[in-house]
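What follows is one structure encoded as structure tokens, with my remarks underneath.
What follows is calculated from the coordinates using simple rules that are stated; it is not laboratory data. The model shown is predicted, which means the values in this text are computed figures rather than measured ones. Counting neighbours? That spans all protein chains shown, and the Cβs are built from the backbone with ideal geometry, glycine included.
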């Protein structure tokens with residue numbers, strides 16, 4: 001992305017001339033930069049979109065990712081500020097409208113980014129981030145739970161990504177780590193794992209890399225050269241997968257579910273999970289999961305507000321671990337932002353090591369297995385981001 005730089009020396013001349021002539025884009029840039037420096041103290045990303053113009057009635061309208069209009073009754077230059085770039089959506093952000101006649105700034109605070117943010121110009125420069133190490137499961141030792149039969153172990157992995165601009169590569173990395181752990185650590189059979197990621201097998205660009213460029217999400221999650229992603233992350237495909245599982249699984253089977261990317265709250269306060277240009281509520285997701293009559297269901301959720309899914313999913317025979325509470329955002333893990341924080345530590349716990357090769361011993365009771373509760377406890381202890389992981393187990397000791 002091209003970066004545009006500001007000259008703060010222009011500020012005085014701007015405010016002395018805007019009342020006599022229409023504001024230029026360069027003047028608007030400087031007005032916004034001056035405004036932002038006064039109003040926002042934390043790290044942020046700033047964007048502009050010169051292609052947005054007032055309609056015939058003189059109204060400037062921006063559509064957010066929900067296709068909802070954000071407007072002001074003037075001809076304006078439009079800017080967008082992401083206040084927490086490394087938190088998953090939804091989180092605080094702002095739209096700034098600079099009046100083209102007088103330079104006045106009108107601010108609208110909200111929690112959703114613009115539609116097609118990839119078409120906006122990023123004014124602030126992306127930081128130079130060194131590519132982080134990734135989990136290597138090639139030397140993993142299979143460590144199935146005592147008595148488990150791989151034929152009876154199933155999994156569903158879901159990462160919607162929200163849209164092209166907000167589908168950061170860390171979500172694919174999260175899914176790759178979880179998928180590989182299931183295959184190489186727990187011995188799951190590939191045919192028993194159902195993967196729904198962004199646009200599925202479509203070769204079009206759908207993933208936003210940390211360097212600002214885009215690519216198409218690789219279909220191979222575990223590095224064996226074979227495609228693992230089968231479906232796009234849509235509500236229809238979620239229904240298809242859980243209908244399939246409902247016809248296969250019995251009380252002898254175990255189902256593991258993993259979700260990552262973005263979350264939100266409805267106007268009534270119900271937690272949601274972002275899919276690929278769609279949203280599924282906690283109650284809708286629970287309806288799908290409830291179709292499956294597995295003996296045990298284990299669920300790990302990384303998205304913002306994921307703790308809000310627990311009241312809808314908690315049920316006899318289920319263990320649920322979430323990255324945060326029902327009122328919190330979940331965060332990418334610094335400094336490389338290769339993974340999301342909670343799932344990074346959860347994966348390290350079940351893998352037995354970090355990507356750098358440091359040994360992790362989350363087997364706190366020394367029985368030779370890392371349980372859901374032990375993985376959660378390790379992730380909870382090591383998660384230093386402003387998120388509060390949540391845990392639910394019914395029966396109480398099921399996760400042990």
To make sure I understand, if each residue's beta carbon is the centre and we count other beta carbons within 10 Å, what order do 120, 276 fall in, fewest to most? 120, 276
Using the Kirkwood radius built from alpha carbon pairs, what does the Stokes-Einstein equation give as D for region 8-122 at 37 °C and 0.692 mPa s, in µm² per second? 227 µm²/s
Contour minus Cα-Cα distance for residue 361 and residue 400 (0.36 nm per residue): 12.5 nm
Helical mean residue ellipticity (222 nm; -39500 (n - 2.57) per DSSP H run of 4+; nearest 500) of the chain: -6500 deg cm²/dmol
Place a point 7 Å from the Cα of residue 119 in the direction of its beta carbon; the residues of region 37-55 whose amide N falls under 13 Å from it are 49-53
Using a Förster distance of 35 Å, how high is the FRET efficiency between residue 141 and residue 230, based on the Cβ-Cβ distance and rounded to 0.05? 0.80
Net length gained if the chain between residue 111 and residue 204 were fully extended (0.36 nm per residue, minus Cα distance): 30.7 nm
Treating the angle as unsigned and between 0 and 90°, give the value, to the nearest 10°, between the Cα long axis of helix 372-382 and the longest Cα principal axis of the chain. 40 degrees
Report, in degrees rounded to the nearest 10, the 0 to 90 angle that the Cα long axis of helix 235-248 makes with the longest principal axis of the chain. 0 degrees
Debye intensity ratio I(q)/I(0), log10, region 150-394, q values 0.09, 0.14 Å⁻¹ (C-alpha model): -0.33, -0.87
Quick one: what do you get for region 221-287 if you divide its Cα Rg by 2.2 N^0.38 Å? 1.31
Inter-probe distance in nm under a simple model that places probes 7 Å from Cα toward Cβ, at residue 41 and residue 287: 4.6 nm
Give me the compactness ratio for region 246-392, meaning the Cα radius of gyration over 2.2 N^0.38 Å. 1.06
Expressed as a whole-number percentage, the relative contact order of the chain with C-alpha contacts under 8 angstrom and at least six residues apart is 13 percent
Specify the angular offset, from 0 to 90 degrees and rounded to the nearest 10, of the alpha carbon long axis of helix 341-351 from the longest principal axis of the alpha carbons in the chain. 20 degrees
